[in-house]
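Visitor: Below is one structure. I have some questions about it.
FYI, it's all coordinate maths here, none of it is from the lab. Computed from a prediction, not measured in an experiment: that's the story for all the values here. FYI the Cβ positions are ideal-geometry reconstructions off the backbone, even for glycines, and counts take in every protein chain you see.
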Amino acid sequence: MSLYAAPAPPQTKLGRYRQLAPRAALHVSPLVLGGGTVGDKWSVFGAGATDKKSSFALLDAYFDAGGNFIDTANNYQDGSSEAFIGEWMQERNIRDQVVVATKYTSSIKRGDPSIKLHPNYVGNNLKSMRLSLDQSMKNLRTDYIDIFFVHFWDLHTSVEELMDGLHQLVLAGKVLYLGISDSPAWFVVKANEYAKWNGKTPFVVYQAAYSVLQRDIEREILPMCRHEGIALTFWNVLAGGHIRSDEEEETRRKTGEKGRTMFGPWERNETEKKMCNALGIVAEKVGAKHITAVAIAYVMHKAPYVFPIVGARKAEHLQANIEALSISLSDENVKFIDDVLPFDQGFPSNFFGQYGSGMYPFILTSSATFDPQPLLAPIAHEK
């Protein structure tokens, strides 16, 4: 036997690891397990919630399949998400095998009757940052966080305060990498330029809502991340559970299982049904069993360094999501899905073109012939 013999093939394609970002050589599974439904505090609000036993079973299924990338936040399930994940890692003694991302900005004391004054438990300010990180590390039973996200820009904290404070956490060894979520593209670029020219730690990953039904980030955020070499983790990839077949919806209606109601009705509207029918057509063409897997594969074909967050509550849901890693969509497949619903890139993209499209502005092409240089392509899925 060779000392450097190749390891056994991974059990699933979750065990085929990818570099997170050009400036982050951390290697992670191609699908992220979302912690939003891990925990038991949000069921009363119509959101997905899972008790400890079921949460541990899901975490075990993900880890046993080769998954090593878990995303949570200080406020998910009012702290029980972090607490369950931390207890699970500690019981199995696997903390260092797992890449844990968590977030701050929302309150860690929501609904706590012992707290009279709440203003500095929220926001991007330094006090909120410190209180939140300390609580997250306690919940997760760890002395460091792999990726610490700004959950969203609070519209008030300056770039200087934010990046100086985050950099101190990196210097202290409490945080390894920085990410930002749900914030304007211009703010992220401004923050990273400040970090670059002042010896601070930049953001290496951006988290956004993105799906076949919600393509807003294609206007500014997606091109920004491609240009700047920032990775993307996507939430809401399955549109809050609204990517489902007619048959599945009818089954849910009959059994009473239904779905999430935190942000609206659990049943699909006509626009969602139209998209699901289109995904069914593509699924048949590429030999996929689940339209959810096609929806996940779609977002993975949009840029390199893309990591969809899957929010499964059951092991069978997770297995259905893993199928996405075996789906290769052609340019025609992607365009077919793109064309199902109208989407306006907006000005100036719909006038001059957009970065990454392979186009030159018409004013340039009226003067000369150009051969465009292709951008880095997404990782191709193997059959």
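Visitor: Round to the nearest 0.05 the FRET efficiency obtained for Gln90 and Ala57 when R0 = 30 Å and r is the Cβ-Cβ distance.
Guide: So, using R0 = 30 Å, E works out to roughly 0.95.
Visitor: Next question, about the same structure. So what's segment 271-383 giving for Cα Rg divided by 2.2 N^0.38 Å, two decimals?
Guide: Here the Cα radius of gyration is 1.28 times the empirical estimate.
Visitor: Using the charge dipole of the chain (Lys, Arg: +1 at Cβ; Asp, Glu: -1 at Cβ; taken about the Cα centre), state which of Ala320, Val188, Leu166 has its Cα farthest towards the positive end.
Guide: After comparing all options, I get Leu166.
Visitor: Using the count of nearby Cβ atoms within 10 Å as a rough guide to exposure, how do Phe352, Phe152 rank from fewest to most?
Guide: Fewest to most other Cβ atoms nearby, the residues stand as Phe352, Phe152.
Visitor: Using DSSP loop states and a limit of at most 14 other Cβ atoms within 10 Å to flag GluC sites (Glu not before Pro), what is the longest stretch of the chain containing no flagged site?
Guide: Longest run free of exposed loop sites: 1-256.
Visitor: Here's a follow-up. Excluding same-chain residues fewer than 8 positions from Lys274, which lysines have a Cα within less than 25 Å of its Cα?
Guide: Within the straight-line limit of under 25 Å, Lys274 reaches these lysines: Lys254, Lys258, Lys285, Lys289, Lys302, Lys335.
Visitor: Quick one: order Phe351, Phe234 by neighbouring beta-carbon count within 10 Å, fewest to most.
Guide: Phe351, Phe234
Visitor: Right, next: Just need the relative contact order of the chain here, percent rounded to a whole number, with Cα pairs under 8 Å and 6+ apart.
Guide: 15 percent
Visitor: Here is a follow-up. As a check on your grasp of the helix formula, calculate [θ] at 222 nm for the chain: sum -39500 (n - 2.57) over DSSP H runs of n ≥ 4, divide by the residue count, round to the nearest 500.
Guide: Roughly -10500 deg cm²/dmol at 222 nm, from the helical runs in the chain.
Visitor: In debye, nearest 20, what is the charge dipole magnitude of the chain about its Cα centre with +1 on Lys and Arg Cβ and -1 on Asp and Glu Cβ, if you could check?
Guide: Here the chain has a charge dipole of around 600 debye.
Visitor: Can you give the extra length, in nm with one decimal, that the chain gains between Asp339 and Glu160 once fully stretched, where that is 0.36 nm per residue apart less the Cα-Cα distance?
Guide: Gain in length upon complete extension: 60.3 nm.
Visitor: Are there any trypsin sites (Lys or Arg not before Pro) in segment 114-222 that are in a DSSP loop and have at most 15 other Cβ atoms within 10 Å? List them by number.
Guide: Lys116
Visitor: Ok, one more. Taking R0 as 56 Å, what's the FRET efficiency between Ser326 and Leu117 from their Cβ-Cβ distance, rounded to 0.05?
Guide: 0.60
Visitor: Given the chain reduced to its alpha-carbon atoms as identical point scatterers, what log10 I(q)/I(0) does the Debye formula return at q = 0.06, 0.08, 0.12, 0.15 Å⁻¹?
Guide: Values returned for q = 0.06, 0.08, 0.12, 0.15 Å⁻¹ are -0.24, -0.43, -0.98, -1.50.
Visitor: With the crude spin-label approximation of a point 7 Å out along Cα→Cβ, what separation in nm comes out for Lys274 versus Tyr17?
Guide: Result for the modelled spin labels: 4.4 nm.
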